[in-house]
1. Net charge within 15 Å of A399 by Cβ-Cβ distance, Lys/Arg positive one each and Asp/Glu negative one each, not counting A399 itself?
2. Between T317 and V244, how high is the FRET efficiency from 1/(1 + (r/R0)^6) when r is the Cβ-Cβ distance and R₀ = 25 Å? Nearest 0.05.
3. Expressed as a fraction of 2.2 N^0.38 Å, the rule-of-thumb size for a compact globular protein of N residues, what is the C-alpha radius of gyration of segment 354-436?
4. Starting from the Cα gyration tensor of the chain, multiply each eigenvalue by 5, take the square root, and state the resulting semi-axes largest first in whole Å.
5. List the chymotrypsin sites (Phe, Trp or Tyr not before Pro) within segment 19-85 that fall in a DSSP loop (any state other than H, G, I, E or B) and whose Cβ has at most 13 other Cβ atoms within 10 Å.
6. Is the shape of segment 381-519 rounded, prolate or oblate, going by the alpha carbon gyration tensor and its root eigenvalues a ≥ b ≥ c, with a/c under 1.5 for rounded and a/b larger than b/c for prolate?
7. State which entries of K25/K73; K73/K440; K63/K440 exceed 24 angstrom in Cα-Cα distance in the structure shown.
8. Could you tell me which GluC sites (Glu not before Pro) in segment 266-352 are loop residues by DSSP with no more than 16 other beta carbons within 10 angstrom of their beta carbon?
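Read the figures in this text as sums done on the coordinates, not as results from a lab. Everything numeric here is computed off the predicted structure, so don't read it as measured data. Quick reminder, even Gly has a Cβ in these numbers, built from the backbone with ideal geometry, and neighbours come from all protein chains shown.
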Amino acid sequence: MAEQTDTAPRATSNRSTTPGSDTFKRYIGSEWAERTDILPASREEAPFAAARRARLSAAYPGKRLVIPAGRLKQRSNDTDFPFRANTAFTYLTGWGSDSEPGSVLVLEPADGGGHEASLYFRERAGRDSDEFYANPEIGEFWIGPRPSLAQVASDLGLETLGIAGLDAVVASSDENTLVLRDADPELTLLLDIAVEQATTGQATTGQQDEAALPAITSSPRAEEADTASGSESLEQKLSEMRLVKDEYEIAQMRLAVAATARGFDDIIADLPRITSHERGERLVEGVFNGRARADGNAVGYDTIAASGPHACILHWTRNDGPVVPGDLILIDAGVELDSYYTADITRTLPVDGRFGDEQRMIYEAVREAADAAFAIVRPGIRFREIHATAMGVIAQKTAEWGLLPVTAEEAIEPENQQHRRYMVHGTSHHLGLDVHDCAKARREMYLDGVLEAGMVFTIEPGLYFQPDDLTVPESFRGIGVRIEDDILVTATGAENLSAAIPRTADEVEAWIAAAASKR
Ligand code: GLY
Ligand code: MN
Ligand code: MN
């Protein structure tokens with residue numbers, strides 16, 4: 001069995017110049033100051049993560065639950081993508097951007113009921129190994145020091161163990177082990193093999209075809225297990241647990257929205273430089289992302305800076321066009337905090353500071369759709385009603401403008417939907433640790449689900465008139481508008497977390513004018 005302690009083969013061995021002599025090894029391994037292991041106070045999120053683990057534990061009595069953080073993913077050769085821990089792992093540990101690749105949370109059934117949680121990770125290497133200077137993938141001289149087991153235990157309020165200990169977990173896994181399968185395919189395969197051995201007594205090491213192995217959470221055994229504990233898979237359960245945010249999560253969402261607002265303000269302040277550059281969209285992206293980084297954050301998804309007709313391309317992230325006065329620019333961007341909570345906000349701006357008559361009419365129609373949808377949000381309604389309400393306005397407006405071959409009432413019939421030609425996407429998605437949060441929740445909990453206080457989602461209607469759409473007047477062609485806000489369901493209604501970022505056409509014009517007057 002491949003051990004968890006293995007390190008990946010060195011991709012750079014053909015150009016390595018690391019000295020290999022014993023003299024060098026002895027020399028570089030000597031005369032290092034004692035490390036002082038300062039133990040941090042438990043982080044603010046720790047008790048919330050503990051409460052989440054307790055909820056998960058209650059749903060899976062007697063089951064060993066394995067929740068990997070995932071590993072580094074290769075970008076090319078020996079270069080990796082920035083590490084991003086699995087969302088459920090972060091939810092259950094509170095370990096976000098500072099988490100260690102390859103870490104694994106294990107909830108072990110306890111004798112007296114419930115579970116004991118252990119976090120396995122690759123702790124700091126000693127100076128007696130060559131890892132710290134000779135291993136570009138995990139060495140301290142290359143990627144920085146890793147925390148000690150004691151530091152992470154104190155920080156997260158969790159028992160911590162070295163990654164080597166995971167081998168024993170794998171070896172003792174049986175049909176009572178459930179793993180979050182998509183987080184770490186390599187570990188999942190090892191667990192599948194171990195479960196196969198435990199249940200059939202067959203040794204199955206060697207060249208294994210993953211498809212031929214019983215999948216831990218999708219096997220008949222696992223389905224039985226899931227029925228006993230709820231009927232949903234671990235992935236589903238963890239997505240559905242996140243539908244209602246706790247107090248810590250809501251506070252993080254407010255911070256993410258506030259940080260996003262600063263990025264939008266910086267874009268507005270920089271519009272003259274942006275319009276004078278041949279790739280102004282790149283500058284928009286750079287200004288937003290730069291502000292996020294300067295504030296100590298990241299972005300939750302690739303920033304969309306879509307000027308003129310690019311606004312009609314829903315996921316325009318190439319961002320290589322100019323930003324031309326007279327056009328609108330659609331900017332969809334969200335700051336992600338160290339905790340991984342992200343905002344997801346869109347504003348559509350007149351590049352020269354004033355909406356043209358048709359631009360304004362289209363913009364305000366989208367805003368009316370957003371406002372109508374927001375107005376119905378309260379606990380007890382169904383998620384799908386938000387979209388239906390927004391679409392009622394979109395159908396009415398596009399019918400009024402003579403774009404539809406039928407009336408608005410006919411268009412909204414399920415078998416018609418002509419108005420959707422101009423807005424093919426949905427109006428809302430849950431938001432939190434992931435920009436498209438709770439992605440594995442069942443439809444009956446998501447689109448058909450009933451709203452509860454503490455849910456956070458977007459409301460993001462739009463109208464997009466493609467440059468070659470013959471059903472719309474020529475003057476509409478190439479105009480794309482979306483307004484996207486982040487909404488919190490409260491006990492009695494809803495709060496627009498992003499309401500402070502100008503939304504109405506008048507507010508947007510005043511925002512741009514105020515920035516211009518400060519130059
Ligand atoms: N930014 C992606 C979305 O709005 O869903
Ligand atoms: Mn969105
Ligand atoms: Mn968005």
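1. -2
2. 0.25
3. 1.18
4. 46, 30, 21
5. W32
6. oblate
7. K25/K73
8. E278
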